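Some notes on the structure that comes next.
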Amino acid sequence: MFGGSGLLSHLAKQANPTIRVIYNDYDNYCQRFAQVEKTNEILRFLREILRNVPQDAKITGSLREEILQKLATENANGYVDWITLSVALLFSMRYATNYAEFEKGTLYNKVPMFDYVTD
């Protein structure tokens with residue numbers, strides 16, 4: 001069974017614990033999950049600096065540059081979940097997997113108003 005992030009397989013396993021479930025981790029979901037607090041820190045930063053920018057509005061000028069600088073710094077200092085941040089800052093269904101791809105994209109304020117929870 002294929003369930004994208006494994007949700008359907010997980011639910012099937014809960015319903016029938018005797019079945020065998022094999023997950024592939026194509027998009028490094030395990031690593032992304034382990035680093036969710038780091039991603040939440042970046043999202044909190046984004047919420048703060050974009051507090052006066054309407055949802056779905058294009059981000060330009062100094063705000064765009066400040067965001068890109070933050071992402072470059074975080075990238076140099078450790079881990080950045082580019083896929084999750086793509087959802088928050090790029091056009092719908094557009095994904096970047098590294099800083100260079102992100103820098104080329106048009107940014108939009110699609111930042112979720114909540115932190116991700118891993119419990």
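Among the residues of segment 72-96 satisfying the criterion of being over 21 Å from D56 (Cα atoms) and either part of a loop (DSSP other than H, G, I, E, B) or of a type in the set (D, E, K, R) (or both), which is modelled with the lowest pLDDT?
Residue satisfying both the conditions and the ranking: G78.
Among the residues that make up segment 54-63, is at least one of them among the β-branched types (V, I, T), in a helix (DSSP H, G or I) and surrounded by 14 or more Cβ atoms within 10 Å (Cβ to Cβ)?
no
Looking only at segment 58-70, decide whether some residue is among the polar types (S, T, N, Q) and either closer than 26 Å to D119 by Cβ or in contact with a strand residue (DSSP E or B) (Cβ under 9 Å, 6 or more places away or on another chain) (or both).
Yes, that holds for at least one residue.
Under 9 Å between Cβ atoms, at least 6 apart or on separate chains: pull out the pairs that start in segment 9-23 with a residue that is surrounded by 12 or more Cβ atoms within 10 Å (Cβ to Cβ) and end on any residue that is in a helix (DSSP H, G or I).
V21/S9; V21/H10; V21/A12; V21/K13; Y23/S9; Y23/H10; Y23/Y29; Y23/C30
Starting from residues that are under 10 Å from the mean Cα position of the chain (by Cα) and in contact (Cβ under 8 Å) with a residue 40 or more places away in the chain, keep the ones in segment 81-111 and report whichever is surrounded by the fewest Cβ atoms within 10 Å (Cβ to Cβ).
Looking at residues that are under 10 Å from the mean Cα position of the chain (by Cα) and in contact (Cβ under 8 Å) with a residue 40 or more places away in the chain, I get I83.
How many of the residues in segment 97-119 are under 19 Å from F45 (Cβ atoms), of a type in the set (D, E, K, R) and not in a loop (DSSP other than H, G, I, E, B)? Spell out how you get there, then give the answer.
We begin by selecting, within segment 97-119, every residue under 19 Å from F45 (Cβ atoms); these are 99, 102-103, 105, 107-117.
Now narrow it down to the ones that are of a type in the set (D, E, K, R): 103, 110, 115.
This time we only want the ones that are not in a loop (DSSP other than H, G, I, E, B), so: 103.
Of the residues in segment 97-119, 1 are under 19 Å from F45 (Cβ atoms), of a type in the set (D, E, K, R) and not in a loop (DSSP other than H, G, I, E, B).
The values are calculated or read from the model by the stated rules, or taken from the named source; none is laboratory data. This one's a predicted model, so the numbers in the text were calculated from it and none came from an experiment. Cβ sites come from the backbone with ideal geometry, for glycine too, and all protein chains shown count toward neighbours.
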